[in-house]
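**Q** I have a structure I would like to understand better, so I am pasting it below and will then ask my questions one at a time.
The values are calculated or read from the model by the stated rules, or taken from the named source; none is laboratory data. These figures come from a predicted structure and were not determined experimentally. Here the Cβ positions follow ideal geometry from the backbone for every residue, glycine too, while neighbour counts run over all protein chains shown.
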C-alpha cells in the first residue's frame with residue numbers, strides 16, 4: 001500500500017541520510033568552504049545520500065477475528081430431521097495483534113425471518129481465548145476449530161431455515177458471524193412391492209370354497225420428516241390391505257413412524273383365506289397394501305404409498321389336500337399295524 005494503509009496491508013519504509021561535502025563545521029581554515037569557517041553552508045543541490053535501509057511494515061489491528069462455518073453437518077449435507085441431533089463445524093481465527101477472548105451466540109429463523117425458539121442450539125464454546133499475532137513463539141496458536149450442536153424442534157414444519165453463529169470480542173466488542181441454510185423435508189410414507197411378503201408361495205381352494213390360510217405381511221416406512229406443511233405429525237398412520245380391489249379386514253393403525261427411513265418396529269400382518277383361484281390369464285390374485293389411504297398427511301410424494309404383489313391360488317378337488325394326506329397317512333398306519341400283527345401271530349404259532 002502507498003500512503004494510508006489498512007489492517008493486513010503491507011508497505012515499504014526506506015530510511016537514508018544526506019551528507020554535505022562542501023563544509024563540515026570544525027574543518028581546517030582555508031578549505032572549509034565557508035566564508036567565515038564558522039557557519040555551515042547550505043547543502044549542495046546534488047544528491048549526496050547514503051545507502052537506503054528498507055523495511056517492510058504490515059499494518060495491524062489490535063483486535064480482529066474471522067469466523068467461517070462449514071458447508072454441511074457431519075453427514076455432509078444440510079438436510080435435517082425433527083428431534084435428531086447434528087454436529088456442524090466452524091473455524092475461528094484471531095488475526096489481531098492482541099490476545100482476545102470471545103463469546104458465542106446462535107439463532108435460527110424460518111423463511112419468514114421469524115426466530116424459532118424451540119430448537120436446541122449449542123455453539124460448542126461458551127467462551128474462547130485465542131492468542132494474538134504479537135506472540136510469535138512456536139507454541140502460539142491463532143486458530144481454533146469448533147463444533148455446533150443443532151437439534152430441530154419436534155414440531156418444526158418443512159422448509160428452509162437459516163442458522164446463524166455470532167462470535168463477539170470481549171475486549172473490543174467486534175462481532176463476526178456466519179450463516180447457513182438447513183432444510184427440513186416433508187414426510188414421505190412408503191410401501192414398496194418388495195415390502196409385501198407371504199407365509200407361503202401359493203395356496204389352494206376347493207370347489208366347496210374351503211381354502212388354505214395365508215398370512216400377508218407388510219413393512220411401512222417414512223423417508224421424510226415427521227411433520228407436514230399443515231403441522232400434522234406422522235402419528236396414528238392408517239394402513240389397509242386390499243385383495244382383488246376390496247379391503248381385507250379392518251384398518252390398521254401405526255402409532256408413529258420415525259423420520260429418515262424409520263420403519264414399523266415389526267411387520268404388519270393380515271390373515272387371508274382366498275375366495276377364488278386365479279384365472280389362467282392372471283399372474284395371481286392382486287394384493288395391495290396402502291399407507292395413509294385417506295391422504296390425511298401431506299407428503300412430498302404420494303406415488304409410493306401403495307405396494308403391489310400377486311399371489312397364486314390353485315383350485316383342487318372337493319376335499320382339500322390336507323384331508324387326503326391325513327386319510328392316506330391313516331390308511332398306511334392301519335395297514336402297517338395289520339401286517340405286523342399277522343407276522344407276530346404266525347411266528348407264535350410256528351413256535
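**Q** Please go through (1) within 28 Å of residue 106 (Cβ to Cβ); (2) without any contact (Cβ under 8 Å) to a residue 40 or more places away in the chain; (3) in the same structural domain as residue 317 (by TED's automatic domain parsing) for residue 141 and return the number of the only condition it doesn't satisfy.
**A** Tallying (1) within 28 Å of residue 106 (Cβ to Cβ); (2) without any contact (Cβ under 8 Å) to a residue 40 or more places away in the chain; (3) in the same structural domain as residue 317 (by TED's automatic domain parsing), residue 141 fails exactly one: (3).
**Q** Do you know which of the residues in the stretch 216-238 that are crowded, with 19+ Cβ neighbours inside 10 Å and over 16 Å from residue 192 (Cα atoms) is nearest to the chain's Cα centre (by Cα)?
**A** The residue in question is 225.
**Q** Report those strands (runs of 3 or more DSSP E) wholly inside the stretch 46-99 carrying at least 3 residues which are in contact with a helix residue (DSSP H, G or I) (Cβ under 8 Å, 6 or more places away or on another chain). Give the steps one after another, and end with the answer.
**A** Working: elements: 53-58, 65-69, 86-94.
So the answer is none; nothing clears 3.
**Q** Okay, next question. Being surrounded by fewer than 20 Cβ atoms within 10 Å (Cβ to Cβ) and under 15 Å from residue 173 (Cα atoms) is the filter; apply it to the stretch 98-109 and report the residue that is farthest from the chain's Cα centre (by Cα).
**A** Among them, the one singled out is 98.
**Q** Follow-up. Give the stretch 71-97 a look and list any residue that's within 30 Å of residue 256 (Cβ to Cβ) and surrounded by fewer than 19 Cβ atoms within 10 Å (Cβ to Cβ), or say none.
**A** Those that are within 30 Å of residue 256 (Cβ to Cβ) and surrounded by fewer than 19 Cβ atoms within 10 Å (Cβ to Cβ): 72, 74, 75, 76, 77, 78, 79, 83, 84, 85, 87.
**Q** Can you find a residue that is in a strand (DSSP E or B) and either touching a strand residue (DSSP E or B) at 6+ places or on another chain (Cβ under 9 Å) or on the phi < 0 side of the Ramachandran plot (or both) anywhere in the stretch 133-144?
**A** Among the residues of the stretch 133-144, at least one is in a strand (DSSP E or B) and either touching a strand residue (DSSP E or B) at 6+ places or on another chain (Cβ under 9 Å) or on the phi < 0 side of the Ramachandran plot (or both), which makes the answer yes.
**Q** Then there is this: Can you find even one residue in the stretch 145-154 that is surrounded by 15 or more Cβ atoms within 10 Å (Cβ to Cβ), under 30 Å from residue 59 (Cα atoms) and at pLDDT 95 or above?
**A** Looking for residues that are surrounded by 15 or more Cβ atoms within 10 Å (Cβ to Cβ), under 30 Å from residue 59 (Cα atoms) and at pLDDT 95 or above, one finds at least one in the stretch 145-154, hence yes.
**Q** What pairs can you find where one residue is in the stretch 192-203 and in the same structural domain as residue 241 (by TED's automatic domain parsing) and under 27 Å from residue 262 (Cα atoms), the other is in a loop (DSSP other than H, G, I, E, B) and at pLDDT below 95, and their Cβ atoms are less than 9 Å apart, with a gap of 6+ or different chains?
**A** As it stands, the answer is 195/267; 197/267, since those pairs meet every condition given.
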